[in-house]
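Student: Handing you this structure, nothing more for now.
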Amino acid sequence: MSSEMLPAFSETCNVERQQDLSEDGEENQKPGLSERFQPMSKRQMKKLMKQQQWEEQRELRKQKRKEKRKRKQLERQCQPESNSDGSDRKRIRRDVVHSPLRLIIDCSFDSLMVLKDIKKLHKQIQRCYAENRRALHPVQFYLTSHGGQLKKNMDENDKGWVNWKDIHIKPEHYSEFIQKEDLIYLTSDSPNILKELDESKAYVIGGLVDHNHHKGLTYKQASDHGIGHAQLPLGNFVKMNSRKVLAVNHVFEIILEYLETRDWQEAFFTILPQRKGAVPTDHACESCSHDKKFTRVEGGLNSDSSEEENRHELDSTHEEEKQDKENSTESTVNSIPH
């Protein structure tokens, strides 16, 4: 090899050596197989199963909403013909019969919630307002102990709330302007089962999104103030996988639905989200008796095992509210006449 070609040859070798070294470095930086394929934790598996269940039930939720729209449409068609000017909207609003029943969302738990849960409560209140404005039998809607983080969040993200109609928003506690004997606190911890709604009463819903961190708090609130308390007759009509703790807007909407249909079971199954796994109690009893027979035949199976697996608490607002409902809340509220 000539002396003229030596520098070029050595330079080429150096470039190739540098490329090899850089490739080796990249390979060393890549995670090994053991790092890339780590087994899933139980928490991750649970989240994945929840997501899969949510996706599988998407069509069921869609069908349920479609059926409700059809039923509302049939009801509107059964109404008298519209005015000569074609103002169907005004005609429907005139046909609304306002209920004297007072429904209160107690917002006195502001200090017990983090900002994330305050925002969820805000969306649930928006939903309640929108549903009450569209209801055939709207209630006298009260928002009490309104202040703190909730008011600040509403001021920043929903400035139109100051123009809301058919709602009483008060900074005072409900006990300051409603007589004690007229109050009934709705709490799942109460031993009293609500059979009928007394429209002369004022029913209180605890405005608390706490993911089950403060068990029995609303029941204690009612006891401390010496007012009546009761729980919705959920157990009489519905068997659920989760605890009987519902989101604020679910309780509100169930009451609106009951005022329209006077049927608790229809109200529960129209409003309860699919993720609650709700089935009629008669079906649940048939399933239980079938499981007991199977246990006796097979021998040795614990009949409470499947119930124990399903006893974990599901997130309420997820809602409850719920991903579909939360995503559509702002547009829903904006579509309601203020």
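The values are calculated or read from the model by the stated rules, or taken from the named source; none is laboratory data. This one's a predicted model, so the numbers in the text were calculated from it and none came from an experiment. Here the Cβ is made from the backbone with ideal geometry for all residues, glycine too, and neighbour counts use every protein chain on show. Just so you know, the surface numbers come from the protein's heavy atoms only, side chains and all, with ligands and any DNA or RNA stripped out. Shrake-Rupley method; radii C 1.70, N 1.55, O 1.52, S 1.80 Å.
Student: In region 201-218, which residues are within 13 Å of Lys180 (Cα to Cα) and either surrounded by fewer than 17 Cβ atoms within 10 Å (Cβ to Cβ) or charged (D, E, K, R) (or both)?
Tutor: Lys201, the sole residue that qualifies.
Student: Among the numbered conditions (1) within 21 Å of the chain's Cα centre (by Cα); (2) of a type in the set (Ser, Thr, Tyr); (3) within 18 Å of Ile227 (Cβ to Cβ), tell me where Ser175 comes up short.
Tutor: If we test Ser175 against (1) within 21 Å of the chain's Cα centre (by Cα); (2) of a type in the set (Ser, Thr, Tyr); (3) within 18 Å of Ile227 (Cβ to Cβ), just (1) comes out false.
Student: Which residues, counting only those in region 136-146, are open to solvent by 10 Å² or more (accessible area, probe 1.4 Å) and modelled with pLDDT of 95 or more? Step through it out loud before you land on a result.
Tutor: First, pick out the residues of region 136-146 that are open to solvent by 10 Å² or more (accessible area, probe 1.4 Å): 136-137, 140, 142, 145-146.
Within region 136-146, Gln140, Tyr142, Ser145, His146 meet the criteria.
Student: Quick one: would you say Glu196 is in a loop (DSSP other than H, G, I, E, B) and either on the phi > 0 side of the Ramachandran plot or open to solvent by 40 Å² or more (accessible area, probe 1.4 Å) (or both)?
Tutor: yes
Student: I need the full set of residues from region 151-187 which are surrounded by fewer than 18 Cβ atoms within 10 Å (Cβ to Cβ), assigned to a loop (DSSP other than H, G, I, E, B) and in contact with a Ser or Thr (Cβ under 8 Å, 6 or more places away or on another chain), in order please.
Tutor: Lys170, Pro171, Glu172, His173
Student: Inside region 219-264, can you point out the residues that are in a loop (DSSP other than H, G, I, E, B), modelled with pLDDT under 90 and closer than 21 Å to Asp182 by Cα? Before you say what the answer is, go through the steps one by one.
Tutor: Going residue by residue through region 219-264, those that are in a loop (DSSP other than H, G, I, E, B) are 225-227, 232-233, 240-247, 262-263.
Then drop every residue that is not modelled with pLDDT under 90, which leaves 225, 240-246.
Once the filter is applied, which keeps residues that are in a loop (DSSP other than H, G, I, E, B), modelled with pLDDT under 90 and closer than 21 Å to Asp182 by Cα, region 219-264 yields only His225.
Student: Please state which one of Lys215, Lys201 is in contact with an Asp or Glu (Cβ under 7 Å, 6 or more places away or on another chain) and of a type in the set (Lys, Arg).
Tutor: On the way: Lys215 fails: in contact with an Asp or Glu (Cβ under 7 Å, 6 or more places away or on another chain).
Criteria check complete, one pass: Lys201.
Student: Then there's this: Considering every residue within region 111-128, establish whether at least one is out of contact with any Asp or Glu (no Cβ under 9 Å at 6 or more places or on another chain) and part of a loop (DSSP other than H, G, I, E, B).
Tutor: Yes, the conditions are met somewhere in region 111-128.
Student: Here's another thing I want to ask about it. Evaluate the following for Asp158: is it at positive phi and in contact with a helix residue (DSSP H, G or I) (Cβ under 8 Å, 6 or more places away or on another chain)?
Tutor: no
Student: Taking the options Arg89, Arg71, Arg76, Arg65, name whichever one is out of contact with any Asp or Glu (no Cβ under 9 Å at 6 or more places or on another chain) and either modelled with pLDDT under 80 or open to solvent by 100 Å² or more (accessible area, probe 1.4 Å) (or both).
Tutor: Only one candidate qualifies: Arg89.
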